[in-house]
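Colleague: One structure coming up, written as structure tokens, with questions to follow.
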Amino acid sequence: MGNIAIDGPAGAGKSTIAKIVAKKKGYIYVDTGAMYRAMALFIIREGIKPEETDKIEEACDKADISIKYVDGEQVVTLNGESVNGLIRTEEVSNMASVTSVNAKVREKLVALQQKLGKETDVVMDGRDIGTVVLKDAPCKIYLTASDDVRAKRRYDELMEKGVQCDLNEIKKDIIERDHRDMNRAISPLRRADDAVFLDSSSMTIDEVVSKIIELSE
Ligand code: DC
């Protein structure tokens, strides 16, 4: 399998890049963060608090998360409902980071991701793709950028959607989220030994895409 694994912190540009690379290679793009976000949305809707581990684990059995493709776009479904439009809020981002430390949540979603990676060639992005989910992927990238660049990208993305936000708040949230994602006990975000490190702070999208295509050939 020619799978491509892309990991990195929030706002590094993973999904933008992964989508373009997938299109150019004729692969399927799999956004694993969206699955953790759908799980988080379910947890928020159930009124479960981040510290209620038992309830989070029970929720894993009640939340059926799957993905489908509509016009080439990944659509995440939560118990049959398409939730793409509901999972990009800061509330869901933070809850996804908090609840993704849970072993049962990870076990459930990793199984789904590994199944997708076996069925077809994928470009998959997330936090543990090169280290856990697609350990055997022949091409692994660790994509990052400076805190300021990542915060500005997230800010622009939200403003473009008409969501009012504060750049400093976004930066604070991103740093907090990265700290949690990098320091959790299970599958923390880290560069796989065989992943190529790419800092996209002063690279254009085209440059990053070309580099990854080159590395994957
Ligand atoms: O990539 P993202 O911002 O959509 O991910 C949301 C959260 O989900 C992120 O803060 C950590 C978690 N996540 C994870 O633990 N493992 C992944 N493979 C993808 C995301």
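The values are calculated or read from the model by the stated rules, or taken from the named source; none is laboratory data. Note that the coordinates shown come from a computational prediction; the quantities given were computed from them, not determined experimentally. For neighbour counting, all protein chains shown are included, and Cβ atoms are generated from backbone atoms with ideal geometry for every residue, glycine included.
Conditions (1) surrounded by 14 or more Cβ atoms within 10 Å (Cβ to Cβ); (2) among the basic types (Lys, Arg); (3) assigned to a helix (DSSP H, G or I), marked per residue:
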residue: Asp54; (1), (2), (3): no, no, yes
residue: Asp61; (1), (2), (3): no, no, yes
residue: Lys68; (1), (2), (3): no, yes, no
residue: Val75; (1), (2), (3): yes, no, no
residue: Val105; (1), (2), (3): yes, no, yes
residue: Val110; (1), (2), (3): yes, no, yes
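Colleague: Might you check whether a residue that is loosely packed, with under 15 Cβ neighbours inside 10 Å, without any contact (Cβ under 8 Å) to a residue 60 or more places away in the chain, outside any helix (DSSP H, G or I) and not small (Gly, Ala, Ser) occurs anywhere in the stretch 138-158?
Modeller: No, the stretch 138-158 contains no residue that is loosely packed, with under 15 Cβ neighbours inside 10 Å, without any contact (Cβ under 8 Å) to a residue 60 or more places away in the chain, outside any helix (DSSP H, G or I) and not small (Gly, Ala, Ser).
Colleague: Identify the single condition in (1) more than 12 Å from the ligand (Cβ to nearest atom); (2) within 23 Å of Met182 (Cα to Cα); (3) in contact with a strand residue (DSSP E or B) (Cβ under 6 Å, 6 or more places away or on another chain) that Ile17 does not satisfy, given that it satisfies every other one.
Modeller: Result: Ile17 passes all but (3).
Colleague: Can you give me the number of residues within the stretch 188-217 that are in a loop (DSSP other than H, G, I, E, B) and either modelled with pLDDT of 95 or more or closer than 21 Å to Arg153 by Cβ (or both)? Talk me through it step by step, then tell me what you get.
Modeller: So the first thing to find is which residues in the stretch 188-217 are in a loop (DSSP other than H, G, I, E, B), and the list is 188-195, 200-204, 217.
Now drop any that are not either modelled with pLDDT of 95 or more or closer than 21 Å to Arg153 by Cβ (or both), which leaves 188-195, 200-204.
Adding up the residues that qualify gives 13.
Colleague: For Gly11, only one of the following conditions fails: (1) in a helix (DSSP H, G or I); (2) within 12 Å of the ligand (Cβ to nearest atom); (3) closer than 24 Å to Met203 by Cβ. What is its number?
Modeller: Every condition holds for Gly11 apart from (1).
Colleague: Further, regarding this structure: Taking only the stretch 124-150 into account, find how many residues are of a type in the set (Val, Ile, Thr) and either touching a Cys at 6+ places or on another chain (Cβ under 9 Å) or over 19 Å from Arg37 (Cβ atoms) (or both).
Modeller: Total meeting the criteria: 4.
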